[in-house]
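Read the figures in this text as sums done on the coordinates, not as results from a lab. Just so it is clear, the structure is predicted and the values come from calculations on it, not from any experiment. For neighbour counting, all protein chains shown are included, and Cβ atoms are generated from backbone atoms with ideal geometry for every residue, glycine included.
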Amino acid sequence: MKKARIVSGMRPTGSLHLGHLEGVLKNWIKLQREYECFYFIADWHALTTEYEDPKNIRNYTREILLDWLSVGLNPEEAVIFIQSEIKEHAELYLLLGMITPVPWLERNPTYKDIIQNLENKDLATYGFLGYPVLQAADILIYKAQKVPVGLDQVPHLELTREIARRFNYLYKSEIFPEPEALLSEVPKIPGIDGRKMSKSYGNAIYLKDTPEVVRQKILSYVTDTLRPRKSDPGDPENRCVAFDLIRLFYSPEEKERVIEDCKSAKLGCRDCKKELAEKVISYLTPFWEKRKKMESKDTWWEIIEEGNKKARAVAKESMEEIRKVIFEREAH
Ligand code: TRP
Ligand code: SF4
């Protein structure tokens, strides 16, 4: 049986951290085997908010692609590519724009939210309003059935479905399947300060951090604040942020040992976090090694060019069909 198709993208607006790895990439890697996957860097989407200062988009594109490849997105299994290399996305975006009512876009909750909260940027642009139309084009051009995304993207996906439905209805075709969101259980990765790990909070451990930086960041994790001295018994499961990381990286036996030694005041926080740091470092080391091998432009670009070619071939074929459906329908 033919595998169902998946499309998902990430905007190149920052470096990837442990939260992305555990929350998104692990899932994408798993899906590679079960589905025909198209994963891409949404650099045009990044431009909708970064248009005044686009110079970082290129760097983050390269960086994220290196992160993807080094953690195990596999170009033999998935099609990995860059949105702006496939000009067909732009053509479909234009065509979908013709049929998308502006009120659908204006009532998009993400749109309203961002317009209100980003005071330092002028986002009253046509491009930003059209963000979900471009996203619909990304998905529909590959006729994806499923789209792995976070909860925040569900309204965008609903719009994609509405646009697909409207297109099929207007042009009496069944060209576009209505794609469904593929929501997955996302483990909560705490940052240094206990809030959700995020670039904007400055509390993240990045995949490209060096061992020294990882060590120093883990040593600054918040621990049980009711335990100022080692001789005070701790409550790791309820009061320690560092322990929330320990949960993710330790075996059940190792966890038990930490809980016991912390509760009995045998283990001090500094020693505990030092051990955790070494664990995280050895977890990341294979990724760092793989990344090193691909860092030269010749190596990674060659891989991505292959992905671009595969994506382009599919997108071109879809566009032929789509143009026909719009312009060459038989007159009734
Ligand atoms: N809007 C998505 C985000 O910010 C990125 C994205 C662009 C995307 N095009 C997509 C995700 C297509 C899934 C499918 O995360
Ligand atoms: Fe947290 Fe470890 Fe300190 Fe216990 S010993 S409070 S688990 S850092």
Inset, instruction - Would you list which aspartates and glutamates come within 17 Å of LYS290, measuring only between C-alpha atoms, while excluding same-chain residues fewer than 8 positions from it? - result: GLU63, ASP67, GLU76, ASP209, ASP298, GLU302
Inset, instruction - Could you check which residue among TRP68, TRP44, TRP300 shows the biggest mean-square fluctuation in a GNM of the chain with a 10 Å Cα cutoff? - result: TRP300
Legend entry - Computed [θ] at 222 nm, helices only, for the chain once each DSSP H run of length n ≥ 4 contributes -39500 (n - 2.57): -17000 deg cm²/dmol
Legend entry - For PHE81, PHE287, PHE249, order by how many other beta-carbon atoms lie within 10 Å, fewest first: PHE249, PHE287, PHE81
Legend entry - Karplus-derived 3J(HN,Hα), 6.51/-1.76/1.60, for each residue of the range 17-29, Hz, glycine and proline x: 10, 4, x, 5, 4, 6, x, 10, 5, 4, 5, 4, 5
Inset, instruction - Quick one: what are the phi-derived ³J(HN,Hα) couplings along the range 116-122, Karplus 6.51/-1.76/1.60 with θ = phi - 60°, whole Hz, x for glycine and proline? - result: 6, 8, 9, 6, 8, 10, 8
Legend entry - the range 106-112 - phi-based ³J(HN,Hα) in whole Hz, Karplus 6.51/-1.76/1.60, Gly and Pro as x: 5, 8, 4, x, 4, 4, 4
Inset, instruction - Starting from the alpha-carbon convex hull of the range 211-291, give the projected area averaged over all orientations, in nm². - result: 5.1
Legend entry - Relative contact order of the chain, defined on C-alpha pairs under 8 angstrom at six or more residues apart (%): 22
Legend entry - Cβ-defined net charge surrounding GLU295, 14 Å radius [Lys, Arg +1; Asp, Glu -1]: +2
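Taking 0.36 nm per residue of sequence separation and subtracting the Cα-Cα distance, how much length would be gained by fully extending the chain between ILE326 and MET98, in nm to one decimal?
Additional length available on full extension: 80.9 nm.
Among LYS196/LYS255; LYS26/LYS273; LYS199/LYS263, which pairs are too far apart, with a Cα-Cα distance over 27 Å?
LYS199/LYS263
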Inset, instruction - For a footprinting-style exposure proxy, rank SER70, SER282, SER198 by other Cβ within 10 Å, fewest first. - result: SER282, SER198, SER70
Legend entry - Cβ-defined net charge surrounding GLU237, 15 Å radius [Lys, Arg +1; Asp, Glu -1]: 0
Legend entry - Burial ordering of ASP67, ASP209, ASP152, fewest other beta-carbon atoms within 10 Å first: ASP152, ASP209, ASP67
Inset, instruction - Find, to one decimal place in angstroms, the Kirkwood hydrodynamic radius of the chain, where the mean of 1/r is taken over every pair of different Cα atoms and then inverted. - result: 22.0
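Work through the residues other than LEU94 whose Cβ is under 12 Å from its Cβ and net out their charges, Lys, Arg +1 and Asp, Glu -1.
0
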